Amino acid sequence: MANKVVRKIVKNQILRFMLSAGMGFLVDITVFYLLYHNLLSEKRYHFFNSEYKNSTVSLAISYCLGVMVNFLITKYLVFSESTTSSTKQFVRFASVAVIGFFANLGAIDLLIHYFNMYPPLARPLAMLSLFFASFFIHKFFSFSLSMRHQHEAAPTK
């Protein structure tokens with residue numbers, strides 16, 4: 001049964017993307033939790049004449065680490081057939097991630113400050129709300145693949 005599940009994941013690009021995003025997400029929420037509870041003890045931090053909440057600083061650091069892990073796995077295991085240069089892929093991936101960061105920040109802020117949700121619970125909910133759009137954005141924009149690539153990459157019987 002385990003072999004069947006592994007084969008299904010290996011063959012299915014969306015499942016591989018879910019695995020990739022899941023690994024990046026795991027890094028992200030683990031680092032977020034550790035920073036929020038253990039390493040960043042102040043409620044607010046000052047950088048460049050601006051003040052940031054603990055949750056914002058934790059999110060910025062954890063999100064960057066999660067994006068790096070997600071990019072590497074996505075590049076090599078999900079969209080490996082892309083012929084776009086690695087630099088261009090990363091710049092595009094990071095650009096989408098920056099937009100995603102602000103969307104996540106807005107969602108987290110809403111969940112924490114308007115719905116009084118516990119920040120380490122708000123973080124995964126915010127991330128999940130943006131997951132499905134990211135697959136298609138990365139496939140078509142970051143890695144410059146079309147729908148035909150999925151069919152061409154599939155083994156013929």
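What follows is calculated from the coordinates using simple rules that are stated; it is not laboratory data. Just so it is clear, the structure is predicted and the values come from calculations on it, not from any experiment. So basically every Cβ, Gly included, is an ideal-geometry build from the backbone, and we count neighbours across all protein chains shown.
If you go through segment 19-44 and pick out every residue that is within 10 Å of the chain's Cα centre (by Cα) and either farther than 29 Å from Ser80 by Cα or surrounded by 17 or more Cβ atoms within 10 Å (Cβ to Cβ) (or both), you end up with 7.
The residues in segment 104-129 that are in a helix (DSSP H, G or I) and either buried (at least 16 other Cβ atoms within 10 Å of the Cβ) or touching a residue at least 60 places away in the same chain (Cβ under 8 Å) (or both) can be counted, and the count is 14. Listed conditions (1) free of Cβ contacts under 8 Å to residues at least 40 places away in the same chain; (2) on the phi < 0 side of the Ramachandran plot are all met by Ser20, apart from (1).
Scan segment 45-81 for residues that are surrounded by 11 or more Cβ atoms within 10 Å (Cβ to Cβ), farther than 30 Å from Val10 by Cα and either more than 23 Å from the chain's Cα centre (by Cα) or hydrophobic (A, V, I, L, M, F, W, C) (or both) and report the count. Number of matching residues: 5. Looking across segment 73-103, the residues that are of a type outside the set (A, V, I, L, M, F, W, C) and assigned to a helix (DSSP H, G or I) come down to Thr74, Lys75, Tyr76, Ser86, Thr87, Lys88, Gln89, Arg92, Ser95, Gly100.
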